[in-house]
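Structure first, then comments.
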Amino acid sequence: MLLLGYNDSNLKPINDRFSTNVTVRSDTVIIQGVKDEVESVEKVFREMVYVLNTSGKLQVKDIETIIDLTIQGKEIIDNNDFDNIVLYSKKDVIKAKTPNQIEYVKSVRENDICFAIGPAGTGKTYLAVALAVAAFKKNIVKKIVLARPAVETGESLGFLPGDFREKIDPYLRPLYDALEEMLPAEQLKSYIEKGIIEIVPLAYMRGRTLNNAYVILDEAQNATGMQMKMFLTRLGPNSKSIITGDITQIDLPTYSQSGLVQVKEILKKVDGVGFVYFDKSDVVRHKLVKDIIDAYEKHNNYNGARKEFK
């Protein structure tokens, strides 16, 4: 019943999109038709079973997404990588692709606090948001809180146009972008209006206790030591936290030490806290991003060697 729906209603999207003949007898599904279509429909069924087993429910929109991806020839389940799938989004399936991303997802599932440290474009933030949305959809948590330090990277907040909310929105935009890819626009708007999903500057976290929540701190390299401690101690019962950052892109004043740099030493032996490190081999953005990171590393190493020689 859960797989096929009431009166086999979950078969309708399949029958509408494929010319195969699908017959269900007891616990067996028989698919008849042209070989390529039979293989596609078999794939759809296997992924329907996977979604049902992982989320406990299967909706028509899930089946339509699976069919769309199957027709486009996109691999959703590759061999035995079920555990690497994080979320079925509006347009695609989100899953860990590189060895470090796989380790990241595993660490998040095994620990209540996980730090993801590495260069831009490695999927740290995107996967963190996907993990949070997946946990929310499965009713594991009741709330998602996404935070970022509002640290200037060139322009001062005081000189930016608009009121305070308009001034800080650019800092929070990457988090909105990720959510907009994973949730329907109206649903996301409703969740934000109801406070089910919060996207806030780090300073707004002070004094709170977050229960039954998935809490993400992005760009954590720009949090001071005191801010990092404040954030980590907000965690309440049945909550998880992911902290992401790139220690090569610290925008704090020279006299401030990054809380992300400090915490690597302070919490490295604490049970329930995981650390995952990414490198340029994990970059999943435009292929040039990896080359840019490599060029900067070579430039910095060359300048460091020159200073040491002098």
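Residues K43, K61, K57: which one is open to solvent by 30 Å² or more (accessible area, probe 1.4 Å), of a type in the set (K, R) and modelled with pLDDT of 85 or more?
Of K43, K61, K57, the one residue that is open to solvent by 30 Å² or more (accessible area, probe 1.4 Å), of a type in the set (K, R) and modelled with pLDDT of 85 or more is K43.
Which count do you get for residues in the range 208-226 that are within 17 Å of G259 (Cα to Cα), in contact with a strand residue (DSSP E or B) (Cβ under 9 Å, 6 or more places away or on another chain) and not in a strand (DSSP E or B)?
Here the count works out to 7.
Within the range 227-236, which residues are in a loop (DSSP other than H, G, I, E, B) and either in contact with a Phe, Trp or Tyr (Cβ under 9 Å, 6 or more places away or on another chain) or in contact (Cβ under 8 Å) with a residue 12 or more places away in the chain (or both)?
R234, G236
Within the range 224-241, identify whether any single residue is aromatic (F, W, Y), buried (at least 17 other Cβ atoms within 10 Å of the Cβ) and closer than 21 Å to G123 by Cβ, and answer yes or no.
The answer is no; no qualifying residue exists.
Would you mind stating whether Y50 is hydroxyl-bearing (S, T, Y), assigned to a helix (DSSP H, G or I), at pLDDT below 85 and open to solvent by less than 40 Å² (accessible area, probe 1.4 Å)?
Considered against the rule, which asks whether it is hydroxyl-bearing (S, T, Y), assigned to a helix (DSSP H, G or I), at pLDDT below 85 and open to solvent by less than 40 Å² (accessible area, probe 1.4 Å), Y50 comes out as yes.
Check off (1) buried (at least 20 other Cβ atoms within 10 Å of the Cβ); (2) in contact with a helix residue (DSSP H, G or I) (Cβ under 7 Å, 6 or more places away or on another chain); (3) modelled with pLDDT under 90 for P174 and give me the number that stays unchecked.
So P174 meets the others, but not (1).
I'd like the full set of residues that are open to solvent by 10 Å² or more (accessible area, probe 1.4 Å) and either modelled with pLDDT under 90 or acidic (D, E) (or both), limited to the range 95-118.
Matches in the range 95-118: K95, K97, T98, P99, E103, E110, D112.
The values are calculated or read from the model by the stated rules, or taken from the named source; none is laboratory data. Computed from a predicted structure; not experimentally measured. Ideal geometry is used to build each Cβ from the backbone, glycine not excepted, and the neighbour counts take in all protein chains shown. In case anyone asks, the SASA skips ligands and DNA or RNA and just uses the protein heavy atoms, side chains included. Shrake-Rupley method; radii C 1.70, N 1.55, O 1.52, S 1.80 Å.
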